[in-house]
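Enquirer: Structure in structure tokens, see below.
Please treat every number below as a calculation from the coordinates, not as lab data. Given the structure is predicted, the values throughout are model-derived calculations rather than measurements. So basically every Cβ, Gly included, is an ideal-geometry build from the backbone, and we count neighbours across all protein chains shown.
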Amino acid sequence: MGLITPNPEAELAAAELAESSQAAPTEPQEEGEPASPEEQEAYDKVVSAGSEVLHGEQTNPEIMSILESGRDNPGEALADVAMMIIGQIDEQSGGKIPEGIIIPAADDILSQAGELAEVAGLFKWDESTKGSAAQSLWKKAGEKYDFDPQEIQELIDSMGKDEIEGIRSKQDQIAQGSPQQAAPAAPPMGAV
């Protein structure tokens, strides 16, 4: 699957991310720690750029085509879209996305893509699809960003549906700018 057509708004957000990351590098946060202001800012920029790609006039038709072709395995299609978008943003930023926000930002983009697919009538964005999409996303992110696949699988296997839903809830709090500053949706790189 190739990269989607460049989106000027996403490219601008990636350039801003690269610029701000050069000025204030961040270390991956430990699980349970609140996001630092730099991580929150980077997260917001990545998710905003991802949203621009999902809804962009030039890119949305291609995203919808990918999702439509994944009707037989919506979780996989959603994970593919989220990782494609994160990969594009990371590439455009010169690899400046802080490690601790890659999976949380990808998870947020995955949720947006799931909602988009449901509104378009492609498939339901229900608990089953959310769970399979999250598992597929974590595996793909692990492979792309050098997580140990065995450790990722052990982490996924150790989580119950309630725990996964709790992680999603915390992620929603971050995405909505909750003052609680919840932990990331999945452990940061190297913490698994």
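Enquirer: Which distance in Å, rounded to a whole number, links the C-alpha centroids of the range 43-71 and the range 88-141?
Expert: Spelled out, the Cα-based centre of one part sits 10 Å from the other.
Enquirer: Report the net charge of residues surrounding Gly87, where surrounding means a beta-carbon distance below 10 angstrom and charges are Lys +1, Arg +1, Asp -1, Glu -1. Could the numbers behind the result be given before it?
Expert: Details: positive: Lys140, Lys144; negative: Asp90, Glu91.
Local charge sum for Gly87: 0.
Enquirer: Let me spell out the model: positive unit charges on the Cβ of Lys and Arg, negative unit charges on the Cβ of Asp and Glu, origin at the Cα centre of the range 53-122. What dipole size does that give, in debye rounded to 20? Each step should come with its number before you reach the end.
Expert: On the way: 2 positive and 13 negative charges, 19 e Å.
Value, rounded to 20: 80 debye.
Enquirer: Where a ≥ b ≥ c are the square roots of the eigenvalues of the C-alpha gyration tensor, would you call the range 77-125 rounded, which needs a/c under 1.5, or, failing that, prolate if a/b is larger than b/c, or oblate? Present the calculation step by step, with values, prior to reporting the outcome.
Expert: Values: a/c = 3.54, a/b = 2.34, b/c = 1.51.
Prolate shape, in that a/c is at least 1.5 and a/b is the bigger ratio.
Enquirer: Work out, step by step, the length gained on full extension between Glu99 and Ser128: first 0.36 nm times the residue separation, then minus their alpha carbon distance; give nm to one decimal.
Expert: Working: separation 29, 0.36 × 29 = 10.44 nm, distance 2.76 nm.
Value of the extension gain: 7.7 nm.
Enquirer: Continuing with this model, one more query. Please work out whether the range 52-98 counts as rounded, prolate or oblate from its C-alpha gyration tensor, where a ≥ b ≥ c are the square roots of the eigenvalues and a/c under 1.5 means rounded, while otherwise a/b larger than b/c means prolate and anything else oblate? Write out the running numbers ahead of the final one.
Expert: Values: a/c = 3.63, a/b = 1.58, b/c = 2.30.
It comes out oblate by the Cα gyration axes.
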